[in-house]
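Here the structure comes first, spelled out in structure tokens, and everything after it is commentary.
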Ligand SMILES: CC(C)=CC(=O)SCCNC(=O)CCNC(=O)[C@H](O)C(C)(C)COP(=O)(O)OP(=O)(O)OC[C@H]1O[C@@H](n2cnc3c(N)ncnc32)[C@H](O)[C@@H]1OP(=O)(O)O
């Protein structure tokens, strides 16, 4: 494959302006990430210390094989919700290596409300377990949870993707033969109790670990029975009387050591026979992305320059380079894995949409995973394009993309608006992993466009009544709508809602994708089948 010839001039004023803007953005990203991971009220840290418990990240570090990477997911989940009271949605999820096996890890964070599950905690855990199901991964649960966050029960209890989905996913994983291990460090009450109960293996720490449907106060209230924690759900009772847990441990360290021994007994699964070659670092420095990503989201940039800083050796075989030029399609390797890359270089027109549909079919035929690099304002609108069939051409792209059997990966590099988000494998289209850059935005349309649309609707409505929209009213619609859009389309807001699997430093894109692709290779790729395309 030929090396991409970069046209970036690192001494240009434009590059330097972008660099300055992106360094500031990265500073903000790292500040937020660090706070979500580590900043907790002192009294909560003291409570855990008094109980002799480790922090969730200390447990995680001890569990993982030393020196191996951990792909943390959705670190900034819930960051813009609940007044910031549920940092990282009160849990850690991610993919790492334990005893040489690739595993998905889910850890409760009992520094936040006893590890109780906020609605967003549940969304994050369910998403992590969906990842385990899609990619055939075993799961390790680090349990220390008060169960459902009681004040918000109506947002977490009875619906399809609420708390029950965690247990449903555990049962599905078990049926699939994906092993699950629970290490019980703290009190696991009610919902929290089913996680170890639905695991294949469990280890429980004497003194601090407990598993019960209702703790002693609830039992007293319900039946009048007075019972201690140890009698009701402690380590010795569950490992010698009820059989709910398998191994007692005297300390957290011992529980983790037993857990690692259990995982070491699991058979190592053979991965899908992917098209692979020796990995090669990109020829161009990924950190140059900071000078390429525009300071202003509306400024167009060449996606080929991004591809050059993500793929192996910066080598790329472009498909149909002279046709449908607002969309780049082509083959490359990431961490040695062959991939089909689809990146926006402008609006999606009829030709670029048809090119995408054809390229996606080729990748499915060849079982080549797809990487989508989104920077899209949408599909072209207007009489000329409708007459050419832009709606049905866009539908073709969506049809084959949605029906793909190959694993798909999506990066939000800048703007993602309207149906372009869908065609380019947005969240609704089952990317195995979707990551956002700190500068990126997602919304149904741009804020100014939404404000203009709503002002036009209001004007038409008032004209029907023989009235007109005053300048003050128009200005108010503009400022209200654009303010809301600016806030709600930011990567921090959408990541808080778990519309992605996390915000990443753009320079880490290649490693995030490499780990994600390696993870996806645990599941087989089916033969292609397509829906009916409107010709
Ligand atoms: C999903 C399904 C099907 C059902 C459920 O899960 S219902 C949930 C039932 N859960 C419980 O009954 C657990 C009640 N909590 C406890 O027993 C204890 O809090 C504890 C053993 C989990 C932790 O005890 P610890 O001494 O370590 O800490 P506390 O001071 O008691 O609590 C710290 C902090 O967390 C708040 N908290 C605890 N549990 C919940 C909860 N389930 N929902 C909301 N908030 C909870 C507690 O009020 C305290 O808050 P502050 O720090 O603000 O005082």
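The values are calculated or read from the model by the stated rules, or taken from the named source; none is laboratory data. Just so it is clear, the model here is predicted, and its values are computed rather than measured. Reconstructed Cβ throughout: ideal geometry from the backbone, glycine too, with neighbour counts over all protein chains shown.
Worth a mention:
- The residues of the stretch 223-272 that are touching a residue at least 12 places away in the same chain (Cβ under 8 Å), part of a helix (DSSP H, G or I) and over 32 Å from the mean Cα position of the chain (by Cα), listed by number, are 229, 230, 232, 233, 235, 236, 238, 239.
- Restricting attention to the stretch 146-159 and to residues that are part of a loop (DSSP other than H, G, I, E, B) and near the ligand (Cβ under 8 Å from one of its atoms), the residue that is surrounded by the fewest Cβ atoms within 10 Å (Cβ to Cβ) turns out to be 157.
- Among the conditions (1) more than 16 Å from the ligand (Cβ to nearest atom); (2) at pLDDT 95 or above; (3) touching a strand residue (DSSP E or B) at 6+ places or on another chain (Cβ under 6 Å), the only one that residue 1 does not satisfy is (2).
- Any hit, the stretch 167-177, residues being within 23 Å of residue 51 (Cβ to Cβ), under 30 Å from the mean Cα position of the chain (by Cα) and touching a residue at least 12 places away in the same chain (Cβ under 8 Å): no
- Residue 126 falls short on exactly one of the conditions (1) within 16 Å of the ligand (Cβ to nearest atom); (2) within 18 Å of residue 496 (Cβ to Cβ); (3) part of a loop (DSSP other than H, G, I, E, B), and that condition is (3).
- Tally of residues being within 16 Å of the ligand (Cβ to nearest atom) and surrounded by fewer than 16 Cβ atoms within 10 Å (Cβ to Cβ) across the stretch 45-96: 10
- Test for residue 280: is it in a loop (DSSP other than H, G, I, E, B), under 30 Å from residue 526 (Cα atoms) and touching a helix residue (DSSP H, G or I) at 6+ places or on another chain (Cβ under 6 Å): yes
- Scan of the stretch 112-122 for residues that are in contact (Cβ under 8 Å) with a residue 60 or more places away in the chain and buried (at least 22 other Cβ atoms within 10 Å of the Cβ), ordered by number: 112, 115, 117, 120
- Among helices (runs of 4 or more DSSP H) entirely within the stretch 9-119, having at least 2 residues that are touching a helix residue (DSSP H, G or I) at 6+ places or on another chain (Cβ under 6 Å) and closer than 24 Å to residue 151 by Cα singles out no element at all.
- Within the stretch 327-357, the set of residues being over 16 Å from residue 275 (Cα atoms) and surrounded by fewer than 18 Cβ atoms within 10 Å (Cβ to Cβ) comprises 346, 347, 351.
Residues are listed down the side, and each one gets a yes or a no for (1) farther than 21 Å from residue 421 by Cα; (2) in a loop (DSSP other than H, G, I, E, B); (3) over 16 Å from the mean Cα position of the chain (by Cα):
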| site | (1), (2), (3) |
| --- | --- |
| 456 | yes, no, yes |
| 461 | yes, no, yes |
| 484 | no, no, yes |
| 492 | no, no, no |
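- Residue match in the stretch 275-282 (condition: away from the ligand (no atom under 16 Å from the Cβ), over 22 Å from residue 179 (Cα atoms) and modelled with pLDDT under 95): yes
- Checked against the criterion of being in a strand (DSSP E or B), under 30 Å from residue 274 (Cα atoms) and in contact with a helix residue (DSSP H, G or I) (Cβ under 8 Å, 6 or more places away or on another chain), the stretch 440-449 has no qualifying residue.
- Filtered residues of the stretch 160-203 (kept if within 12 Å of the ligand (Cβ to nearest atom) and assigned to a loop (DSSP other than H, G, I, E, B)): 162, 185, 186, 190
- Residue satisfying all of: in the stretch 416-438; part of a strand (DSSP E or B) and without any contact (Cβ under 8 Å) to a residue 60 or more places away in the chain; surrounded by the fewest Cβ atoms within 10 Å (Cβ to Cβ) among these: 417
- Residue 377 passes every criterion in (1) touching a helix residue (DSSP H, G or I) at 6+ places or on another chain (Cβ under 6 Å); (2) at pLDDT below 95 apart from (1).
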